[in-house]
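Everything on this sheet refers to the single structure shown next.
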Amino acid sequence: MLRLFPDTIPIEPVHHPLLNEKQVRMDVLRLDLIHPLISGNKWYKLRYYVAPHRHGDPVHLITYGGAWSNHILATAALGQEMNWSTTGLIRGEAPTSFSETLEQARSLGMQLRFLSRTDYRDKMMPDDLQADIQQQKALLIPEGGYGIPGKDGAATIPGLLPSPPYDEIFAACGTGTTLAGLIEAVGDRSRVTGISVLKGHTGLERDILALLPDRSALYPHQLSHDDHEGGYARYTPELIAFMNEFYEHTGIPTDFVYTGKLFQAVMRRVKENHFAPQRKILVIHSGGLQGNRSLKKGTLIF
Ligand SMILES: *Cc1c(COP(=O)(O)O)cnc(C)c1O
C-alpha cells in the first residue's frame, strides 16, 4: 500500500472541565495531523481508488467538489505525490478570483473546470473527459469519495485504535462513506454515531446502508440530523464561540463545516447527561481545517 503516512496516528485524551464534572472519558483520533493537505478521512477514502493503479501507467484522476472542498485539495495533493494528473470539476461558474483552496489545488497541478450549479447537480461530465474515462485513460472518483472503495478505505481507520474498545465512537458525516467504513470495521464492539452536517439529509441512512454488506447494517449505529447548525457550510455565532472555547480548553482546532459541529454535538450530549459516568468515548477528528480559510480573519482564535 502507499506509504505516505505514519502507521500510528496520535490518540489524545481530551481535557475539558465539563468532562471532569461529568466523569466522561473522551479521546480524539487526530486524523487532522496525518498530512498538511491530504487531511483527515480524505486519505482513507481515496486509498483504495488509487491502489490498483499505483504500479501501472500514470493515471489521470477526475473528481467533483466545491470551491472550499477538502476532497478536491486532497485529490490534487495525492496526484502530485503520485506524479499523476488531476482534474477538479468545480461547482459553480468560474469566479473572477479563486478561493484559497482552488488556488492551492491549481498550484499542485490540478486542472480546474467549472460546472453550472445545474450541471454540477446532474454530475455532468465534459465529453473529452468522458471519453478518457471510457478508454480507461482517466479514473473517476465520485464526489466525496462515496462508493465501496471509499468505504473500504475508511474501514481501515479502526485498525489504528487500541483495544479494549470504546463504548461510543462519533464522527461527522457528509456523504456517510466514512461512517459506513467505521460501522463495518468496528462491528458490535462500539456504538457508532454519525453527526450529519447537512440539513434534512434524510437519504443518508439509505446511502450508508447501500455501502454495507447486509450483516453490517445490524451493527449498533445511529445518525443525528439535529446538529447541522443551519446546514452545509453554514454556521451560527454559537458554533464559532464553541470552537474558540473548545480550543482554549483543549488545544484542539476544529473546522466550522464538519468537526466543529461534531465536537459541539458530542459536548452537548455530555452536558445533557447522555453518557453514564466512566463511559469511554472516541471522537474522530476528520481534519478539514483548511476550510476555515473561507472565514473572515479573526473569527477564530487559532
Ligand atoms: C469530507 C469530510 C467529512 C465527511 O466524510 P464523509 O465520508 O463524506 O461522510 C467529515 N469531516 C471532514 C473534515 C471532511 O473533510
Assuming residue 185 fulfils every condition listed in (1) touching a Lys or Arg at 6+ places or on another chain (Cβ under 7 Å); (2) within 15 Å of the ligand (Cβ to nearest atom) apart from one, which condition is it?
(1)
Which one of these does residue 162 not meet: (1) within 24 Å of residue 222 (Cα to Cα); (2) more than 16 Å from the ligand (Cβ to nearest atom); (3) buried (at least 19 other Cβ atoms within 10 Å of the Cβ)?
(3)
Given the conditions (1) buried (at least 18 other Cβ atoms within 10 Å of the Cβ); (2) more than 10 Å from the ligand (Cβ to nearest atom), which single one is not true for residue 154?
(2)
Within segment 233-261, how many residues are surrounded by fewer than 21 Cβ atoms within 10 Å (Cβ to Cβ), among the hydrophobic types (A, V, I, L, M, F, W, C) and under 25 Å from residue 208 (Cβ atoms)?
2
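Working only within segment 124-146, note down all residues that are within 16 Å of the ligand (Cβ to nearest atom) and in contact with a helix residue (DSSP H, G or I) (Cβ under 7 Å, 6 or more places away or on another chain).
Pass one, segment 124-146, residues within 16 Å of the ligand (Cβ to nearest atom): 141-146.
The answer is 141, 144, 145, 146.
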Reported set for segment 187-202 where residues are surrounded by fewer than 24 Cβ atoms within 10 Å (Cβ to Cβ), under 10 Å from residue 219 (Cα atoms) and under 18 Å from the mean Cα position of the chain (by Cα) is none
Kindly indicate which of 202, 175, 193 is in contact with a helix residue (DSSP H, G or I) (Cβ under 6 Å, 6 or more places away or on another chain) and not small (Gly, Ala, Ser).
175
Take the residues in segment 262-292 that are in contact (Cβ under 8 Å) with a residue 60 or more places away in the chain and exposed (fewer than 14 other Cβ atoms within 10 Å of the Cβ); name whichever of them is nearest to the ligand (Cβ to nearest atom).
271
Per the filter on segment 165-184, residues more than 12 Å from residue 221 (Cα to Cα) and of a type in the set (A, V, I, L, M, F, W, C) are 172, 173
Looking at segment 210-232, is at least one residue within 13 Å of the ligand (Cβ to nearest atom), surrounded by fewer than 17 Cβ atoms within 10 Å (Cβ to Cβ), within 23 Å of residue 100 (Cα to Cα) and modelled with pLDDT of 95 or more?
yes
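The values are calculated or read from the model by the stated rules, or taken from the named source; none is laboratory data. None of the values given here were measured: they were computed from a predicted structure. With ideal geometry, Cβ positions are generated from the backbone for all residues, glycine too; neighbour counts draw on all protein chains shown.
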